[in-house]
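The numbers here are math on the coordinates, done by the rules we state, and not lab data. Quick caveat, the model's predicted, so the values are computed rather than measured.
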Amino acid sequence: MKLQLLHTTALLAAASIAFAQSPAATASANVGGKTVTIAYSSPQVNGRAGKLFGKDGRIGQDRNYPVWRAGANTSTKLTTSGDLDIGGLTVPKGEYTLYVDLSDPDNWQLIVNKQTGQWGLTYNKAQDLGRVKMSMSKPAAMVEGLKYTIAGGKLTLEWENKSASVAVK
C-alpha cells in the first residue's frame, strides 16, 4: 500500500511540474464594446532559445506538420461576446480555436477554427472559419513564455524571437 501511494504521489508531482512549464494564461480586452478573451497555455523557452523554430519556421520535433496550436496542452480558445473583424475575416460572436499556419516562416497565417475543446493538435481543416495573414516582426527582447495581447487594435502573439500580429476590430 505504501509503495502504491508513493508511486501515485510521484506521478502527481511529475504531472504538476509538466503543467507548471506551460501555465494557463489569458489575454482579454474590450474591442468595440465587445469582450474578447484568449485562453491558452503558455509554453516556456526553458533554455531552448534559437532552437524552437527551425530554419523552415516550424515548431516542434515534427516539422512536417505546419499547423501549430499556438499554445500548449489544450487548444487555444478565442471567445468573443460580439461579432469581430480579424484581419478582414468576419468572426461571429462565439467560441473558436486559434491555430497558426507556419508553412512560410516569414508569413504566418492565423487560423480561426470552429472546432473547440480539443486537446493538443487535433486540427480539422474542414472546420476552419478562415485564415488571415499575420504581420511578422521581432520582439524587443526574447520572450520566455508564449504571450498573447489584445491592444491598440491588434491581436499579437509573441514567443522566443517571433512576434506575429493581426488587426482586430
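Values as computed for the structure displayed
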read-out: Gain on full stretching of the segment that runs from GLN21 to GLU144 - 0.36 nm per residue minus C-alpha separation; value: 43.2 nm
read-out: Long-range HN-HN contacts of LEU102 with modeled amide H, under 5 Å; value: VAL67, TRP68
